[in-house]
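Here's the structure, in structure tokens; my notes come after.
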Amino acid sequence: MKAIVTVMLKDGVLDPQGKAIGHALNNLGFAQVGDVRAGKIIELTLSETDPVAAKVAAEDMAQKLLANMVIESFKVEISA
Amino acid sequence: MLATGILLFPGINRERDMAIAVEQSFGRAPRVIWHKETDLSGLDLIIIPGGFSFGDYLRCGAMAAQSPVMQAVKTHAARGGYVLGVCNGFQILTESGLLPGALLRNAGLRFLSMDTTLSVERNDTIFTSHYQKGQVFRAPMAHGDGNYTADPATLDRLEGEGLVAFRYADENRNGSARAIAGIYSPNHRILGLMPHPEDLVDPLMGGTDGKPLFDSLAAA
Amino acid sequence: MKPSGAERADIMVNAVLAKSFGLNAEEYAKVLTIMGRTPSFTELGIFSVMWSEHCSYKSSRVWLKTLPTKAPWVIHGPGENAGVIDIGENLAAIFKMESHNHPSFIEPYQGAATGVGGILRDVFTMGARPIANLNALRFGDPKLPVTKRVVDGVVRGIGGYGNCVGVPTVGGEVNFHPAYNGNPLVNAMTVGIAAQDKIFLSAAAGIGNPVVYVGSKTGRDGIHGATMASTEFDANTAEKRPTVQVGDPFTEKLLIEACLELMQTDAIVAIQDMGAAGLTSSSVEMAGKGGVGIELNLDNVPQRETGMSAYEMMLSESQERMLLVLKPERSEMARAIIEKWDLDYAIIGKITNTGRIVITHKGVVEADIELAPLSDEAPLYHRPYTSAAKPAPLGETQDPVGFEAALLKLMACPDIASRRWIFDQYDSTVGGQTIKRPAQADAAIVRLEGTNRALAITTDCTPRYCAADAEAGGAQAVAEAWRNITATGALPLAVTDNMNFGNPEKPEIMGQFVDAIKGMAAACTALAFPVVSGNVSLYNETEGKGILPTPAIGAVGVIEDASRATGLAIAPGQQLILIGDTKGALGQSLWLREILGREDGAPPEVNLLNERENGDFVREHILNGTVHACHDLSDGGLAVALVEMALAGGTGLTLHPAPAHIPAHAYWFGEDQARYVLAVSNPTAILTAAHAAGIQARHIGHAGGNNLTLTGANPISLTTLRDAHEGFFPNWFA
């Protein structure tokens, strides 16, 4: 079973990387691009078979290590 | 003389610089502590040097903050022990919750390696007694993630309670909130800062601006 | 034994396949003779990489042998992973420069990063702790967007890797020229330090000794990287992208610490890094040098991916891996050290007395080759070559713009502009021993921890001189490196060369190579400056157009009293002395290119006797304490050197006018060799000493104020000069 953890900077925390990507896209002619936020996706392969337990475990991991709750938020998705 | 240990995580790379600076002021080499050790008894000062602990691959300092030795450092801090974290060491201290806030990527998204200048916000701590209050001194910096951030309430508290240790005096190159370069814990026994005073303790290397920090600790 | 060739049994091994592996018909015929049968797929792979230009030096070997490589202070010359020299106090400096040109064009960040990683391994595999990195970079026309992308990626890659492993990046050089548009050069140099009695070599020994794999796991990275490094780019190069290796500086750092810790024991018999052609070249070279055989069981190779074949494992260029031969009784102790650093440790084979390499995978013999002919009968080419005609001397030139405009343009031009934007992204202070950081002196100065000694380290080459006259250019590159070390007060000791050229199958390109070697050999001999290691990168061409011939020189010197090391910074009141003969050589100069838009004429004459005498004089006076600052003269000539000294010291200058017998622009911007500017307190004393020694010397002005003041010209403020000098890179990347 897989857990996909998406980690993003919290709203309101300056994201210079996202800003730079947005700037570059605008320069490439993608004028429709406004705000850009860059984050990361962490894919976990778990031995767990129960999706609920897998989600609980992945959220625990995210809070303890994968995300820094001072500046980041996360979201966990479970897939088979 | 403070009994001193330097933590060594895989990927740390300024432990030798730090040991040289400590030995020069203390007249005694610090103990080097491997990250899997958990016994810090008998030590007064724990130093976490710079580098790229665990490659800084998830976030700077995040994985080191979870290592066995950091549990022991938390215990050490809780009983009033002294802790100095420089660069990656500062990042490890914020990641482990021993200091507030976080270090984000530099505002310009590039690694910054040059001398910066720091102003000494107070000289009544164990770390700064050999500086003057308001003194501006030079220190090399070398980091990709030194952009100090915290929520406004935390920043206000740091400033209000005199917990800002150093600010960037000339140019705030990495974009740190309120030009903060280093902060203390509320008891002023934990100090984290981004620049490297340990790399400027010898006239041959361009100056001794960083030496008073180690002399302060040696005099404690 | 005939290998079953179980893997890829579907593919017919024949001359056509061999050609696609980079072996020509004649070379494949030789393989058939050596094997006495059709090789298996894996065997063909082994031959193709071992006989690639990159591993066999088949086009260059006959000429490399003509370089001087010996001196009393040389401990190990070419032939080991890196050169080793005696630097006193029972210490050895171990160093080498190596190219990563082709990978850096395909993927600039990873190409440059893995270039740094590879050269670090060449040095610490011999027992040295790396103490300094440098890099010599050549890029295309800065007006092209692709150049900007490549510069950005290469600089980030060098920083990303070097900063993380904790080895200071202390120097290097950067040039731009359209000839590098599709083929940038990334030459990385590492210098390390070892105790002279703790130097590790790669010759395997001890029948039955275990062969041990240490480091990262093996994946399918960079397969055929060595052969790729030996072919020209074409329009399909982009398709080669998946073979690019990805660097992991964190693992490299662990590998450094683990190997150095293991080297404190007596466990290691032989050690070599897995560089180009990975497991193949390391195992073949270790066994070959030791005159023994080797057996590998690939089932035991730590693997990152599933389903890898013998061929893939033997040719993988996954990074951060080492191959060791250990004393069997020390194997478990070694395992404990390696695993303490969270690295893979696996016994993958043993040393045999068969003189053969035998590769087994899943119970099947995949390769069985006699080692001696694999190396002894490797192709060796005496490629035909034609030397280019010597260029006609530059005739008289008129100055259309005047001193001030020319100076400001030169200070701002891409080849002279401040490199601060680049080196500010490199950690130059980690280790705490960097005495002179980038741009503070002509060579980087790094102290040997725990001693009063320091090394002076530089990289140099002036490709436009080499393009005009490869022999003069080759000599000039060596002379400039020697001069840069001398200008710090250090004694130049030895050289590593990184020969970057085009397609050697073209006689005119081979002629450039041969002539450059001749010039280098003459200079190395005259300056007692032997070549102890090096690397050759050929086929640097894009769509049939060659790069400028670029024999990059890395050099190391030693200064016994580090506190005497001298930099560029002058201070108010100091008097400025020009050492050496100024004729006003403007052929191939930057003034000619930037002001008149011409790239012609003969490059400046290299008079090796003058180099030696002038340099020895300068060094003597630095070491006796009379010289406060020193700068050698190179690109842009006297005026540029003076401004660089003024900017470094933050002071203005007052200069005497040009002498009447030379046109003013040729005096200020000519690139005559063997020259230095010294800052002293007592000009009469040094002029007298120079006269007595038969050295040309001239009092040219003094430091002070906030302007560059030249009689008969408007004062130019230091701020104006600084803005011009510092602007190029920040504006380019703004």
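The values are calculated or read from the model by the stated rules, or taken from the named source; none is laboratory data. On a predicted model such as this, the values are computed, not experimentally measured, just so you know. Using ideal geometry, Cβ is built from the backbone for each residue, glycine included, and neighbour counts are taken over all protein chains shown. Areas reflect the complete protein model, heavy atoms only, side chains present, ligands, DNA and RNA absent. Shrake-Rupley method; radii C 1.70, N 1.55, O 1.52, S 1.80 Å.
Run down B:R157, B:R178, B:R167 and say which single residue is more than 14 Å from chain C (Cβ to nearest Cβ), over 24 Å from B:V73 (Cβ atoms) and either out of contact with any Ser or Thr (no Cβ under 7 Å at 6 or more places or on another chain) or among the aliphatic types (A, V, I, L, M) (or both).
Checking each option against the conditions leaves just B:R178.
Out of all the residues in the range C:412-432, is one or more more than 14 Å from chain B (Cβ to nearest Cβ) and crowded, with 24+ Cβ neighbours inside 10 Å? There is no residue in the range C:412-432 that is more than 14 Å from chain B (Cβ to nearest Cβ) and crowded, with 24+ Cβ neighbours inside 10 Å. Pairs meeting the criteria (first residue in the range C:588-604 and over 18 Å from C:P178 (Cα atoms) and among the charged types (D, E, K, R), second residue open to solvent by 20 Å² or more (accessible area, probe 1.4 Å) and part of a helix (DSSP H, G or I), beta carbons under 6 Å, at least 6 apart or on different chains) are lacking. When B:K74 is tested against (1) within 14 Å of chain C (Cβ to nearest Cβ); (2) open to solvent by 30 Å² or more (accessible area, probe 1.4 Å), exactly one condition is not met: (1). Every condition in (1) within 14 Å of chain B (Cβ to nearest Cβ); (2) over 22 Å from C:H100 (Cα atoms); (3) open to solvent by 10 Å² or more (accessible area, probe 1.4 Å); (4) touching a Lys or Arg at 6+ places or on another chain (Cβ under 8 Å) holds for C:R437 except the one numbered (4). Look through the range B:98-123, keep the residues that are out of contact with any strand residue (DSSP E or B) (no Cβ under 8 Å at 6 or more places or on another chain) and free of Cβ contacts under 8 Å to residues at least 40 places away in the same chain, and return whichever of them is farthest from the other protein chains (Cβ to nearest Cβ). Result: B:N123. Out of C:A454, C:A470, report the one residue that is more than 20 Å from C:A392 (Cβ to Cβ) and in contact with a strand residue (DSSP E or B) (Cβ under 9 Å, 6 or more places away or on another chain). Of the residues listed, the single one that is more than 20 Å from C:A392 (Cβ to Cβ) and in contact with a strand residue (DSSP E or B) (Cβ under 9 Å, 6 or more places away or on another chain) is C:A454. Can you find even one residue in the range C:559-572 that is among the β-branched types (V, I, T), under 30 Å from C:P393 (Cβ atoms) and open to solvent by less than 10 Å² (accessible area, probe 1.4 Å)? Among the residues of the range C:559-572, not one is among the β-branched types (V, I, T), under 30 Å from C:P393 (Cβ atoms) and open to solvent by less than 10 Å² (accessible area, probe 1.4 Å), which makes the answer no.
Where in the range C:627-701 are there strands (runs of 3 or more DSSP E), lying wholly inside it, with at least 3 residues that are more than 14 Å from C:G580 (Cα to Cα)?
Of the strands (runs of 3 or more DSSP E) lying wholly inside the range C:627-701, those with at least 3 residues that are more than 14 Å from C:G580 (Cα to Cα) span C:627-632, C:653-655.
Looking at the range C:519-534, which of its residues are open to solvent by 10 Å² or more (accessible area, probe 1.4 Å) and closer than 14 Å to C:R61 by Cα?
C:G534
Does C:L408 satisfy the criteria of being away from chain B (no Cβ under 14 Å), more than 18 Å from the chain's Cα centre (by Cα) and either over 17 Å from C:W482 (Cα atoms) or surrounded by fewer than 24 Cβ atoms within 10 Å (Cβ to Cβ) (or both)? Criteria met by C:L408.
Looking only at residues of the range C:362-383 that are open to solvent by less than 50 Å² (accessible area, probe 1.4 Å) and within 29 Å of the chain's Cα centre (by Cα), we find that the one that is farthest from C:N503 (Cα to Cα) is C:L374.
Might you let me know whether the range C:579-597 holds any residue that is modelled with pLDDT of 95 or more, in a helix (DSSP H, G or I), surrounded by 24 or more Cβ atoms within 10 Å (Cβ to Cβ) and acidic (D, E)? No, because not a single residue in the range C:579-597 is modelled with pLDDT of 95 or more, in a helix (DSSP H, G or I), surrounded by 24 or more Cβ atoms within 10 Å (Cβ to Cβ) and acidic (D, E). On inspection, C:A641 qualifies as buried (at least 19 other Cβ atoms within 10 Å of the Cβ), within 20 Å of C:L590 (Cα to Cα) and either at pLDDT below 95 or touching a strand residue (DSSP E or B) at 6+ places or on another chain (Cβ under 6 Å) (or both).
Can you tell me which residues in the range B:192-220 are open to solvent by less than 30 Å² (accessible area, probe 1.4 Å), small (G, A, S) and under 21 Å from C:D427 (Cβ atoms)? B:G192, B:G207, B:G210 - these are the residues of the range B:192-220 that are open to solvent by less than 30 Å² (accessible area, probe 1.4 Å), small (G, A, S) and under 21 Å from C:D427 (Cβ atoms).
In the range B:5-39, of all residues being in contact (Cβ under 8 Å) with a residue 60 or more places away in the chain, outside any helix (DSSP H, G or I) and over 13 Å from B:A64 (Cβ atoms), the one that is nearest to the other protein chains (Cβ to nearest Cβ) corresponds to B:R14. If only one of B:L112, B:L118, B:L158 is surrounded by 19 or more Cβ atoms within 10 Å (Cβ to Cβ) and in contact with a Phe, Trp or Tyr (Cβ under 6 Å, 6 or more places away or on another chain), which one is it? Among B:L112, B:L118, B:L158, only B:L118 is surrounded by 19 or more Cβ atoms within 10 Å (Cβ to Cβ) and in contact with a Phe, Trp or Tyr (Cβ under 6 Å, 6 or more places away or on another chain).
Of the residues examined, C:T654 is not one that is more than 30 Å from C:A388 (Cα to Cα), buried (at least 24 other Cβ atoms within 10 Å of the Cβ) and among the polar types (S, T, N, Q).
In a loop (DSSP other than H, G, I, E, B), at pLDDT 95 or above and open to solvent by 20 Å² or more (accessible area, probe 1.4 Å): which single residue out of C:E605, C:E620 fits that description?
Residue meeting the stated conditions: C:E605.
Only strands (runs of 3 or more DSSP E) whose full extent lies in the range C:144-222 are considered here, and the ones with at least 1 residues that are surrounded by 24 or more Cβ atoms within 10 Å (Cβ to Cβ), modelled with pLDDT of 95 or more and of a type in the set (S, T, N, Q) are C:169-176, C:185-195.
Conditions (1) modelled with pLDDT of 85 or more; (2) more than 12 Å from chain B (Cβ to nearest Cβ); (3) within 20 Å of B:N106 (Cβ to Cβ), marked per residue:
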| position | (1), (2), (3) |
| --- | --- |
| A:I4 | yes, yes, no |
| A:V13 | no, no, yes |
| A:I21 | no, no, yes |
| A:G29 | yes, yes, no |
| A:D35 | yes, yes, no |
| A:S47 | yes, yes, no |
| A:M61 | yes, no, no |
| A:I78 | yes, yes, no |
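Meeting the requirement of 1 or more residues that are open to solvent by less than 10 Å² (accessible area, probe 1.4 Å), the strands (runs of 3 or more DSSP E) wholly within the range C:1-105 are C:83-86, C:91-99.
With respect to the conditions (1) more than 25 Å from B:A102 (Cβ to Cβ); (2) out of contact with any helix residue (DSSP H, G or I) (no Cβ under 7 Å at 6 or more places or on another chain); (3) in a loop (DSSP other than H, G, I, E, B), A:K55 lacks only one, and its number is (3). Restricting the range C:263-299 to residues that are in a helix (DSSP H, G or I), over 26 Å from the mean Cα position of the chain (by Cα) and not aliphatic (A, V, I, L, M), the residue that is surrounded by the most Cβ atoms within 10 Å (Cβ to Cβ) is C:G288.
Among the residues of the range B:44-58, just one is more than 14 Å from chain C (Cβ to nearest Cβ) and open to solvent by 20 Å² or more (accessible area, probe 1.4 Å), namely B:D44. Given the condition free of Cβ contacts under 8 Å to residues at least 12 places away in the same chain and within 14 Å of chain C (Cβ to nearest Cβ), answer yes or no: does some residue in the range B:61-68 qualify? Yes, that holds for at least one residue.
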